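Participant: One structure is given below, represented as structure tokens, and several questions about it will come after.
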């Protein structure tokens, strides 16, 4: 059964490049990004893991832990990490799950038989501190992920969790946001959005990002 947005992310215990991991316990009160790779020593995955390592401070600033998955062994992962660090000028400090028995891949529906009967597709899940799935992106094996987009969506999720707004297409930090249509009380709107707003239509009200000075 496939996961859907709002579902509780399945817990599991699995070996990794840093030893056994019990997922929910490891995640704690952080946000999480869990992303899968078809196999070790593959070119696109090598660039992705190097990029994730280089973005470590960006993830940390957002209270996000990253964890990768491949169907190869923990020992293979450790050798692969050496290659990643050398070829990508990176320092991989996050775990890579060793999912040889496909346990996690099955829990998270990462095997798509029409794409490959054995290899995981390039799936990515953003999970919030309550262990709820907030974002699912699935790429084909040939296409590397856009981690700028992953960070952008995390920014949007964290912003909209705390303010009654939504983020428009191509939104990025500092851009105007949309006041949610369900908020109709003008006195409440003025209190929540003291910078004011522009009503392009009654349902489309733009306001400066509320957590920016």
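The values are calculated or read from the model by the stated rules, or taken from the named source; none is laboratory data. Note that this is a predicted model, so its numbers are computed, not measured. Here Cβ is always computed from backbone atoms with ideal geometry, including for glycine, and neighbour counts include all displayed protein chains.
Participant: Which one is nearest to the chain's Cα centre (by Cα), of the residues in segment 26-47 that are within 16 Å of residue 126 (Cα to Cα) and part of a helix (DSSP H, G or I)?
Facilitator: Among residues in segment 26-47 that are within 16 Å of residue 126 (Cα to Cα) and part of a helix (DSSP H, G or I), the one nearest to the chain's Cα centre (by Cα) is 27.
Participant: Condition first: surrounded by 15 or more Cβ atoms within 10 Å (Cβ to Cβ) and part of a loop (DSSP other than H, G, I, E, B). Now tell me which residues in segment 165-207 satisfy that.
Facilitator: Once the filter is applied, which keeps residues that are surrounded by 15 or more Cβ atoms within 10 Å (Cβ to Cβ) and part of a loop (DSSP other than H, G, I, E, B), segment 165-207 yields 167, 171, 176, 193, 197.
Participant: Going by the conditions given, is residue 91 more than 21 Å from residue 40 (Cα to Cα), loosely packed, with under 15 Cβ neighbours inside 10 Å and either out of contact with any strand residue (DSSP E or B) (no Cβ under 8 Å at 6 or more places or on another chain) or modelled with pLDDT under 95 (or both)?
Facilitator: no
Participant: Please go through segment 9-20 and give me each residue that is within 28 Å of residue 152 (Cβ to Cβ) and touching a strand residue (DSSP E or B) at 6+ places or on another chain (Cβ under 6 Å), ordered by number.
Facilitator: Residues satisfying the conditions are 9, 16, 17.
Participant: Does residue 155 satisfy being modelled with pLDDT of 95 or more, within 16 Å of residue 32 (Cα to Cα) and exposed (fewer than 12 other Cβ atoms within 10 Å of the Cβ)?
Facilitator: So residue 155 fails the test.
Participant: Return a yes/no flag: does segment 121-133 have any residue that is touching a residue at least 24 places away in the same chain (Cβ under 8 Å), in contact with a strand residue (DSSP E or B) (Cβ under 7 Å, 6 or more places away or on another chain), on the phi < 0 side of the Ramachandran plot and surrounded by fewer than 17 Cβ atoms within 10 Å (Cβ to Cβ).
Facilitator: Yes, segment 121-133 contains at least one residue that is touching a residue at least 24 places away in the same chain (Cβ under 8 Å), in contact with a strand residue (DSSP E or B) (Cβ under 7 Å, 6 or more places away or on another chain), on the phi < 0 side of the Ramachandran plot and surrounded by fewer than 17 Cβ atoms within 10 Å (Cβ to Cβ).
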